[in-house]
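S.K.: Here it is, the structure in full.
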Amino acid sequence: MRDMNKLAAEFIGTAVLVLIGCGAAVLGGDNIGQVGIALAFGLAIVAMAYGIGPISGCHVNPAVSLAVYLDGRMSAGEMVQYWIAQFAGALVGALILLAIAGSNANLGANGWGPGYLGEYSLVAALIFEIVFTAIFVIVILGATGQGASPGFAGLAIGLTLAAIHLVGIQVTGVSVNPARSFGPALLTGGNALAQLWLFIVAPAIGAALGALLFRLKVLKV
């Protein structure tokens, strides 16, 4: 029952992240702008961290679960179960957003290249997603590790995600989360689905890099 509660929490949390974050871009982007969208993603994480964090740890991100696994805090089997819940939750969140928006023309899918926001290159998108996922997971591992200030992890993680969006929305729309990219891309199809691979591969590399850097830092203490 405890394991099912964890998976349900990850499912709900990831759905909420997609619904609030992508929903801000799709339904309110013209009014709230890039800062508003960044805050929506960050505040969604803050809310879920305190809402479901005590149940599942509030990963709501396969890259985060990978980093937690690599840091020795969860088993491979538990990580895979988290992945399934997260991808399913992201798809449900995107489906709810589709029902509200009434069209799959714009569901907040990530991308790069001509016609997408700042029209940054594939290389720029790849570098951004790897580097900023690494930064994100280092903050998460540090904020939730031994010696961290109790009660402040959710705020630190949410503010970091908001800051990452402020920097990178024009580059890729910001993924740093394969599940967040999966839901909108699957329903949007076309170029968004064709480019989905980068938003799975790059965050995975970034998570592994971040976990490695974090462990090296710990070993030096």
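The values are calculated or read from the model by the stated rules, or taken from the named source; none is laboratory data. Keep in mind the model is a prediction, meaning the values are calculated, not measured. Here the Cβ positions follow ideal geometry from the backbone for every residue, glycine too, while neighbour counts run over all protein chains shown. The accessibility values were calculated without ligands, DNA or RNA, using every heavy atom of the protein model including side chains. Shrake-Rupley method; radii C 1.70, N 1.55, O 1.52, S 1.80 Å.
S.K.: Can you confirm whether Ala148 is touching a Leu at 6+ places or on another chain (Cβ under 6 Å) and farther than 15 Å from Phe41 by Cβ? Walk me through how you get there before you give the answer.
M.R.: Working: touching a Leu at 6+ places or on another chain (Cβ under 6 Å): no; farther than 15 Å from Phe41 by Cβ: yes.
Considered against the rule, which asks whether it is touching a Leu at 6+ places or on another chain (Cβ under 6 Å) and farther than 15 Å from Phe41 by Cβ, Ala148 comes out as no.
S.K.: Pairs needed: first member in segment 192-221, at positive phi; second member anywhere, at pLDDT below 95 and open to solvent by 80 Å² or more (accessible area, probe 1.4 Å); C-beta distance under 8 Å; at least 6 residues apart or different chains.
M.R.: none
S.K.: If I ask for residues that are crowded, with 24+ Cβ neighbours inside 10 Å and in a helix (DSSP H, G or I), which ones from segment 111-127 would you list?
M.R.: Ala125, the sole residue that qualifies.
S.K.: Among the numbered conditions (1) touching a residue at least 60 places away in the same chain (Cβ under 8 Å); (2) in contact with a Lys or Arg (Cβ under 7 Å, 6 or more places away or on another chain); (3) not acidic (Asp, Glu), tell me where Ser56 comes up short.
M.R.: (1)
S.K.: A follow-up question, please. Which one of Leu216, Leu141 is out of contact with any strand residue (DSSP E or B) (no Cβ under 6 Å at 6 or more places or on another chain) and open to solvent by 50 Å² or more (accessible area, probe 1.4 Å)?
M.R.: Going through Leu216, Leu141 in turn, just one is out of contact with any strand residue (DSSP E or B) (no Cβ under 6 Å at 6 or more places or on another chain) and open to solvent by 50 Å² or more (accessible area, probe 1.4 Å): Leu216.
S.K.: Next up: Return the pairs, sorted by first residue and then second, in which the second residue is crowded, with 18+ Cβ neighbours inside 10 Å, the first residue lies in segment 24-37 and is of a type in the set (S, T, N, Q), the beta carbons are less than 6 Å apart, and the residues are 6+ apart or on different chains.
M.R.: Gln34/Ile169
S.K.: Would you mention how many residues in segment 94-110 are in contact with a Ser or Thr (Cβ under 7 Å, 6 or more places away or on another chain) and either assigned to a helix (DSSP H, G or I) or over 19 Å from Ile12 (Cα atoms) (or both)?
M.R.: First, the residues of segment 94-110 that are in contact with a Ser or Thr (Cβ under 7 Å, 6 or more places away or on another chain): 104, 107, 109-110.
Now restrict to residues that are either assigned to a helix (DSSP H, G or I) or over 19 Å from Ile12 (Cα atoms) (or both): 104, 109-110.
Count: 3.
S.K.: Kindly provide the set of residues from segment 132-185 that are out of contact with any Asp or Glu (no Cβ under 9 Å at 6 or more places or on another chain), within 23 Å of Leu95 (Cα to Cα) and of a type in the set (S, T, N, Q), ordered by number.
M.R.: Those that are out of contact with any Asp or Glu (no Cβ under 9 Å at 6 or more places or on another chain), within 23 Å of Leu95 (Cα to Cα) and of a type in the set (S, T, N, Q): Asn177, Ser181.
S.K.: Give the residues of segment 82-96 that are under 17 Å from the mean Cα position of the chain (by Cα) and surrounded by 16 or more Cβ atoms within 10 Å (Cβ to Cβ), sorted by residue number. Steps first, please.
M.R.: Applying the first criterion (under 17 Å from the mean Cα position of the chain (by Cα)) to segment 82-96 yields 82-94.
Tyr82, Trp83, Ala85, Gln86, Phe87, Ala88, Gly89, Ala90, Leu91, Val92, Gly93, Ala94, listed by residue number.
S.K.: Return the only residue of Ala134, Ala185, Ala207, Ala179 being closer than 21 Å to Ile52 by Cα, open to solvent by less than 10 Å² (accessible area, probe 1.4 Å) and in contact with a helix residue (DSSP H, G or I) (Cβ under 6 Å, 6 or more places away or on another chain). Spell out how you get there, then give the answer.
M.R.: Numbers: Ala134 fails: closer than 21 Å to Ile52 by Cα; Ala185 fails: closer than 21 Å to Ile52 by Cα; Ala207 fails: closer than 21 Å to Ile52 by Cα.
Among Ala134, Ala185, Ala207, Ala179, only Ala179 is closer than 21 Å to Ile52 by Cα, open to solvent by less than 10 Å² (accessible area, probe 1.4 Å) and in contact with a helix residue (DSSP H, G or I) (Cβ under 6 Å, 6 or more places away or on another chain).
S.K.: Restrict the check to segment 116-125 and report whether at least one residue is modelled with pLDDT under 95 and out of contact with any helix residue (DSSP H, G or I) (no Cβ under 7 Å at 6 or more places or on another chain).
M.R.: no
S.K.: Checking Val26 against (1) farther than 22 Å from Asn106 by Cα; (2) open to solvent by less than 50 Å² (accessible area, probe 1.4 Å): exactly one of these is not met. Which one?
M.R.: (1)
S.K.: Continuing with the same structure: Gly111 passes all but one of (1) over 17 Å from the mean Cα position of the chain (by Cα); (2) closer than 30 Å to Phe214 by Cα; which number fails?
M.R.: Result: Gly111 passes all but (1).
S.K.: I'd like the full set of residues that are under 17 Å from Ile127 (Cβ atoms) and open to solvent by 10 Å² or more (accessible area, probe 1.4 Å), limited to segment 158-172.
M.R.: Just the residues of segment 158-172 that are under 17 Å from Ile127 (Cβ atoms), to begin with: 164-165, 167-172.
Passing the criteria: Val167, Ile169, Gln170, Val171.
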